[in-house]
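First up is the structure itself, then whatever we jot down about it.
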Amino acid sequence: MSPSVLIPVNGYKSRALNSLPGPIQGAAQYPVVSQNLVTDNVSVVEGEMAIISCRVKDNDDSVIQLLNPNRQTIYFRDMRPLKDARFQLVNFSENELRVSLSNVSLSDEGRYVCQLYTDPPQEAYADITVLIPPGNPIIEARDEVLSEGNETEMTCTAMSSKPAATIRWMKGDKELPGKPRVELTYDKMYTVTSRLTFTVSKEDDGVPVVCIVDHPAVKDFQAQKYLEVQYKPEVKIVVEFPQGLTREGENLELTCKAKGKPQPQRVSWVKVDDDVPSHAVITGADLYIENLNKSYNGTYRCMASNAVGESFDDYILYVYDAPTTTPKPTTATTTTTTIITTMSYPEANQDTPPSTEPAAHDSRAGEGAPRTVDHAVIGGVVAVVVFAMLCLLIVLGRYFARHKGTYFTHEAKGADDAADADTAIINAEGGHTNSDEKKEYYI
């Protein structure tokens, strides 16, 4: 206990201050809460400094003192009877007594009294609350490796804090609700545990799950754990050849692309409801079939599997007829250009048959250009023949139109009055004018 200090108090007999159970031992007056004397509550983190201020609005030279929660005098005016070096005088005047308390601990928490010696005495109370931050949050997962579609559980614990902390959960940029549980320990500390349950998908692989601890003593206090999710393979069939329709006589090349976690080690090809053609070549993820025909039509399936499960993708094969060699009529512009090209070649070239090489070879070897020229030449020849026939028909039509039916001439005008044909002929030849009639016969 600190030594006693004798202090005169407003006409009262001097007494040993620390022996007083209250502000004034044996006084008949009782202290009252004063509006003239004011102070503030203080919240301080453990280990830091607290400031206690006793302020008087209108002071009449009365004495100000500060008492601890045990009603022991910390400061009387500018004197410190209590031998605790953590308390230091910050400011003393007629209107204020300000004291600092460094290295605050939980035992310093309580109600401090600002006391003004008046008649009756006045008091104001400053409550010091000590904040104790939680320890580093601990995040735990029930399953280290997760499988797509399964439910998992994670917990986050914030230990030994005052007051109790609150815990929030974030998965990526989405907040998830947790179920908290608060426990009060023997040393008046709080331990909070939050439990999170959710179902994982393959999109969650590599996504962080963050446990965020909110407490007035700390900021940005968090722990995180990255999810590791295994999922079934994703299977996709890619047509390498041909790029267009599949026709008889061509080749077919398919590639099966599979991706999963873990990466699938086995990829297989089957034909649904039938056997794969005997001459089909399967190399790893590739399927190759030569010389297609319509008996190969059907659904071809690629299957891939890993530890999580199996997936597949289907390709429906329909083999079309081989391309026909019958030329198609060209446009007027193409015909005109082709006629000039055709006339520059000997007529014997027109008897050369068009190429019957399969289109697959053309596509893979790049020999499509000559085939296009042959069709143009043939189209030009057909156009010339059709044009010539049309011209012939027009000439014949005009000819027959000009020489059809009965018609009159004026060749024998002098024989109009002849009695018979013979007379008319004689008159016409002789220039006679007495002929009555003229006739002309067309043989």
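The values are calculated or read from the model by the stated rules, or taken from the named source; none is laboratory data. Values in this document were obtained by computation on a predicted structure and should not be read as measured data. Note: ideal-geometry Cβ built from the backbone for every residue, glycine included; neighbour counts use all protein chains shown. Just the protein is used for accessible areas: all its heavy atoms, side chains included, with ligands, DNA and RNA removed. Shrake-Rupley method; radii C 1.70, N 1.55, O 1.52, S 1.80 Å.
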Name the pairs whose Cβ atoms lie under 8 Å apart, with the first residue in segment 90-108 and outside the structural domain of Leu67 (by the TED database), the second in a loop (DSSP other than H, G, I, E, B) and among the hydroxyl-bearing types (Ser, Thr, Tyr), and 6 or more positions between them or separate chains?
-> none
With (1) open to solvent by less than 20 Å² (accessible area, probe 1.4 Å); (2) within 30 Å of Pro133 (Cα to Cα) as the list, and Gly260 as the residue in question, which single condition is left unmet?
-> (2)
Return the residue satisfying two criteria in turn: it lies in segment 220-252 and is polar (S, T, N, Q) and open to solvent by 80 Å² or more (accessible area, probe 1.4 Å), and of such residues it is farthest from Tyr288 (Cα to Cα).
-> Gln222
What number of residues in segment 127-183 are part of a loop (DSSP other than H, G, I, E, B) and under 27 Å from Glu203 (Cα atoms)?
-> 12
Exclusive hit being within 30 Å of Ser194 (Cα to Cα) and open to solvent by 20 Å² or more (accessible area, probe 1.4 Å), set Ser93, Ser161, Ser147 = Ser147
Kindly establish whether Gln122 is outside the structural domain of Leu82 (by the TED database), of a type outside the set (Lys, Arg), surrounded by 14 or more Cβ atoms within 10 Å (Cβ to Cβ) and touching a residue at least 40 places away in the same chain (Cβ under 8 Å).
-> no
Say whether the condition of being over 29 Å from Glu234 (Cα atoms), surrounded by fewer than 19 Cβ atoms within 10 Å (Cβ to Cβ), at pLDDT below 95 and within 29 Å of the chain's Cα centre (by Cα) is met by at least one residue in segment 192-207.
-> no
Which residues, taken from segment 238-262, are of a type in the set (Lys, Arg) and out of contact with any Leu (no Cβ under 8 Å at 6 or more places or on another chain)?
-> Lys257, Lys259, Lys261
What number of residues in segment 208-217 are surrounded by fewer than 16 Cβ atoms within 10 Å (Cβ to Cβ) and outside any loop (DSSP other than H, G, I, E, B)?
-> 2
Would you confirm whether any residue within segment 125-139 is open to solvent by less than 60 Å² (accessible area, probe 1.4 Å), among the aliphatic types (A, V, I, L, M) and over 59 Å from the mean Cα position of the chain (by Cα)?
-> no
